[in-house]
Amino acid sequence: MSAITITVDAATEAKLDEIAAATNRGKDEIVADAVAVFARQEAETIAKIKRGLADVEAGRTVAHAQVMREVREIIERAKQRRT
C-alpha cells in the first residue's frame with residue numbers, strides 16, 4: 001500500500017467524520033474504499049470507451065435512423081399489445 005495526501009474542504013471532512021462515527025471506521029479507511037470504487041469505475045468506463053472506439057473503427061455501427069426506426073417499431077408493438 002502507498003500513502004496519498006489529499007485536501008478536503010471542511011464540509012467534506014465533517015461528512016467523513018459522521019460516516020466514520022456511524023460505521024466505526026477510520027476516515028482513512030473510508031477514503032481508501034471510496035478511491036478504490038472510483039478507480040474501478042473509471043477503469044471500466046475507459047475500457048468501454050475503448051471498445052466502442054474499436055467498434056467504430058471496425059465499422060461495427062448502426063445508423064441512427066435505423067435505430068430510431070427499430071425503437072418506434074418496438075414502441076408500436078408494445079402499444080398494440082396493451083389494447
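Read-outs throughout are calculated quantities, based only on the coordinates presented, and are distinct from any laboratory measurement. These figures come from a predicted structure and were not determined experimentally. In this analysis, Cβ positions are derived from the backbone assuming ideal geometry, glycine residues included, and neighbour counts consider all displayed protein chains.
If you fit an axis through the alpha-carbon atoms of helix 64-82 and take the longest principal axis of the Cα set of the chain, what angle between them do you get, 0 to 90°, nearest 10? With rounding to tens, the tilt is 80 degrees. In a reduced charge model with +1 at each Lys and Arg Cβ and -1 at each Asp and Glu Cβ, the chain shows a dipole moment near 860 debye about its Cα centre. Taking Cα atoms, how many degrees apart are the long axis of helix 10-23 and the longest axis of the chain, rounded to 10 and kept between 0 and 90? Roughly 90 degrees, rounded to the nearest 10. For the chain, the longest principal axis of the C-alpha atoms and the axis of helix 27-57 are separated by about 30°.
So which trypsin sites (Lys or Arg not before Pro) in region 36-75 pass both tests, a DSSP loop state and at most 14 other Cβ atoms within 10 Å of the Cβ?
Passing sites in region 36-75 are ARG60.
Ordering ILE75, VAL37, ALA54 by Cα displacement along the dipole of region 10-82 toward the positive end leaves ILE75 in first place; charges were set at the Cβ atoms of Lys, Arg (+1) and Asp, Glu (-1). Please work out the FRET efficiency for the pair ILE30 and ALA58, using the Cβ-Cβ distance as r and a Förster radius of 41 Å; give the result to the nearest 0.05. Between ILE30 and ALA58 the formula returns 0.45.
Per residue, the chain reaches -27000 deg cm²/dmol at 222 nm when only DSSP H runs of four or more residues are counted, each adding -39500 (n - 2.57).
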